[in-house]
Amino acid sequence: MKNPPLIEAVCCSVEDALAAEQAGAGRIELCSAIELGGLTPSFGLVREVKKRCKLPAVAMVRPRPSGFAYTESELAVMADDAASLMAAGIDGLVLAALTAEGQIDVEACRTILSRVETSGLQTVFHRAFDATPDLFRSLEVLIDLGFTRILTSGGAPTAIEGTDVLAQLVDQAAGRIEILPAGGVRACNAAEILRRSGASQLHLGPMRDVGDPTAPFYGATHKALDGFAVAEVVQASLAAV
């Protein structure tokens, strides 16, 4: 029998990580500022999550919102952040860098990866992959760079819309790199994405608003992981086994 699909949940707090664990997720991605697409989490957050949660955790290395063409100083920040996240006990790093033309910035990626090449950490190229002009060529570049997996919607707005391309990426990868479908993954489509793409894992970050009456000037709510929605995807994904 096939192994159950692995569900990775986006988490921005210790409470999120514990909710993901309780929901049956198999891995978490830690980040901050989810409303900006996810930025580098703090050293303290990683330390506390690793103390309190048993799940393997990867962490976003992204110094700012918007695009992925970084300056020399931004890349230096990313390399230092990667080292700090490693020191905090993280199990993997999620990062990307593109050239101004939208191609994978091979030298920038090598610079950051050189900080982790002897650590055994997982390395994930995030959805900047979907912004590259040729996903299949980009796949080979990332294999050559030694990335563990690619977070992708198959170049479409959502994973369910990109399943045909995801299936082609899985076939081309042929076990040389993992393909992690992401984008609009929910219980209603999880099994179909897995079946049609041939992937063995899914990434999602369903969030809910949490009120905070003490912060009226900064917004009265913040985002927290919807553990119930994660649990629904975990259960729904079993239908693909």
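The values are calculated or read from the model by the stated rules, or taken from the named source; none is laboratory data. Since we're looking at a predicted model, the values are computed, not measured. Here the Cβ is made from the backbone with ideal geometry for all residues, glycine too, and neighbour counts use every protein chain on show. Note: accessible area is taken over every heavy atom of the protein model, side chains too, but ligands, DNA and RNA are not part of it. Shrake-Rupley method; radii C 1.70, N 1.55, O 1.52, S 1.80 Å.
The residues of segment 174-196 that are outside any strand (DSSP E or B) and under 18 Å from the mean Cα position of the chain (by Cα), listed by number, are Ile177, Gly183, Gly184, Val185, Arg186, Ala190, Ile193, Leu194.
Each row is one residue, and each column tells you yes or no for (1) without any contact (Cβ under 8 Å) to a residue 60 or more places away in the chain; (2) touching a helix residue (DSSP H, G or I) at 6+ places or on another chain (Cβ under 7 Å); (3) under 26 Å from Glu15 (Cα atoms).
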| position | (1), (2), (3) |
| --- | --- |
| Ile160 | yes, yes, no |
| Val170 | yes, yes, no |
| Ala174 | yes, no, no |
| Gly184 | yes, no, yes |
| Cys188 | yes, no, yes |
| Gly211 | yes, no, yes |
| His222 | yes, no, yes |
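Count of segment 46-101 residues, restricted to those that are open to solvent by 40 Å² or more (accessible area, probe 1.4 Å), under 21 Å from Ile34 (Cα atoms), part of a helix (DSSP H, G or I) and in contact with a helix residue (DSSP H, G or I) (Cβ under 8 Å, 6 or more places away or on another chain), is 2. The condition (being closer than 20 Å to Asp226 by Cα, at pLDDT 95 or above, touching a strand residue (DSSP E or B) at 6+ places or on another chain (Cβ under 6 Å) and not in a strand (DSSP E or B)) is satisfied by just one residue among Ala9, Ala17: Ala17. Consider Val106 carefully, then state whether it is surrounded by 16 or more Cβ atoms within 10 Å (Cβ to Cβ) and either within 23 Å of Glu178 (Cβ to Cβ) or in contact with a strand residue (DSSP E or B) (Cβ under 7 Å, 6 or more places away or on another chain) (or both). No, not satisfied.
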